[in-house]
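One structure is given here, and the rest of the page talks about it.
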Amino acid sequence: MIHVQGLTKDYGQRRAVSDLNFEIQKGEIVGFLGPNGAGKTTTMRILTGYMPPSSGTAELGGFDVIENPLEVRRLVGYMPETVPLYNDMTVFDYLMYMAKIRRVEDPEDRIDDVLEMVSMEDRSNGYIGKLSKGMRQRIGLAQAILHKPEVLILDEPTIGLDPGQIIEVRSLIRDIGKEHTVLLSTHILSEAQQLCNRVMIINKGQLVAEDSTERLQTRLTGAQRVLLRIRGDISEAVPLVTSTPGVTSVITKDMETLEFETQPGEDARANVARSVIHAGLDLLELSNITMSLEDIFLQLTRDDVLPETSTESPDTVLAEEAR
């Protein structure tokens, strides 16, 4: 549904996006992650036809964003981080205005449906200028899905929402993602982990990783790390674990806990469990230790991840690209 090849965007001498290549299929929810100024918003603006790339191609639903901009706009719903709203209009009037621009059939019925989806039925006659940040975000989401787009691009969709509203919006995004393509940027890494089928991590304009969080963890660590906890003195378990085939290192954490690491592809948990129990020790816990998405993000966005040919740095990003 989304196909990007060699996408590059320069602002004069400054390169915000450098040779991006990725594909997103129908029914996928993909998280777009990166530090401030990484190039996320520039990429999203190119995909929505807001600005042209300097080079490379981007297609949505088979239509090129440069050669077929009107077709792309019909396919895509876009919610920027700061939604441009008219404060002196009511919620209903604003959505009716957007529906007419989008040539939505049966606009009143569709507006009622969308307001129900974003839980704002009781605010349809309220003036936008008097609404909270969270309510304005929901209006932004409503206008993005008003014309039933095949592709939904969301820039920080839950920013400014309270916990209850965040749960509602995430649920809505999941429902939309069952039949549509969703690309969303977020600074809430747990949100990406909960919502997305996979994540793309961008740093200094370049794509540094693209996979599910589980596979990224495996690719980055290779080895399996396991936590072992017993009742009693953990020193009694250390020689048992150390002598288990496949175990490469053992670290004592406290009086009852240790961590051990195995060779890539090895799973020594069953053998360790048998050894500990056979020795008469009470096994309380034996569990994998995985990298969090935060750990993955920090490791992949270190300054030494990218090659020296990168022309971008956080200090040279335009103000509009700062995230």
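Annotations
- Scope the range 107-125; condition in a loop (DSSP other than H, G, I, E, B) and either modelled with pLDDT of 95 or more or in contact with a Ser or Thr (Cβ under 6 Å, 6 or more places away or on another chain) (or both); matching residues: ASN125
- GLU191 meets the stated requirement of being surrounded by 20 or more Cβ atoms within 10 Å (Cβ to Cβ), at pLDDT below 95, within 22 Å of the chain's Cα centre (by Cα) and in a helix (DSSP H, G or I).
- The range 126-135, subset touching a helix residue (DSSP H, G or I) at 6+ places or on another chain (Cβ under 7 Å) and at pLDDT below 90, residue farthest from MET96 (Cα to Cα): GLY134
- When VAL276 is tested against (1) in a helix (DSSP H, G or I); (2) without any contact (Cβ under 8 Å) to a residue 40 or more places away in the chain, exactly one condition is not met: (2).
- Selection count, the range 205-248, where residues are at pLDDT below 90 and within 27 Å of VAL17 (Cα to Cα): 12
- Selection from the range 67-108 of residues that are of a type in the set (Phe, Trp, Tyr) and within 14 Å of TYR50 (Cα to Cα): TYR78
- Scan of the range 134-184 for residues that are of a type in the set (Ser, Thr, Tyr) and in a helix (DSSP H, G or I), ordered by number: SER171
- Matching entry among ARG14, ARG45 (being basic (Lys, Arg), surrounded by 15 or more Cβ atoms within 10 Å (Cβ to Cβ) and within 28 Å of ALA99 (Cα to Cα)): ARG45
- Given (1) on the phi > 0 side of the Ramachandran plot; (2) free of Cβ contacts under 8 Å to residues at least 24 places away in the same chain, number of the condition MET135 does not satisfy: (1)
- If you go through the range 249-303 and keep only what is among the small types (Gly, Ala, Ser) and modelled with pLDDT of 85 or more, you end up with SER249, ALA268, ALA270, ALA273, SER275, ALA279, GLY280, SER287.
- Subset of the range 18-47 that is assigned to a strand (DSSP E or B) and among the charged types (D, E, K, R) - its residue that is nearest to the chain's Cα centre (by Cα): GLU23
- The range 80-106, residues that are part of a helix (DSSP H, G or I) and closer than 20 Å to GLY160 by Cα: VAL91
- Boolean, GLN165 is within 19 Å of the chain's Cα centre (by Cα) and of a type in the set (S, T, N, Q): yes
- If the condition is being modelled with pLDDT of 90 or more and out of contact with any Gly (no Cβ under 8 Å at 6 or more places or on another chain), then the range 170-182 contributes only VAL182.
- Those residues of the range 159-172 which are in contact with a helix residue (DSSP H, G or I) (Cβ under 9 Å, 6 or more places away or on another chain) and under 21 Å from GLY27 (Cβ atoms), in sequence order: VAL169, ARG170, LEU172
- Scanning the range 54-82 for residues that are farther than 20 Å from PHE22 by Cα, surrounded by fewer than 19 Cβ atoms within 10 Å (Cβ to Cβ) and either in contact (Cβ under 8 Å) with a residue 60 or more places away in the chain or in contact with a Pro (Cβ under 8 Å, 6 or more places away or on another chain) (or both) yields ARG74, PRO80, GLU81.
The values are calculated or read from the model by the stated rules, or taken from the named source; none is laboratory data. None of these values were measured; they are calculated from a predicted model. Cβ: placed from backbone, ideal geometry, glycine included. Neighbour counts: every protein chain shown.
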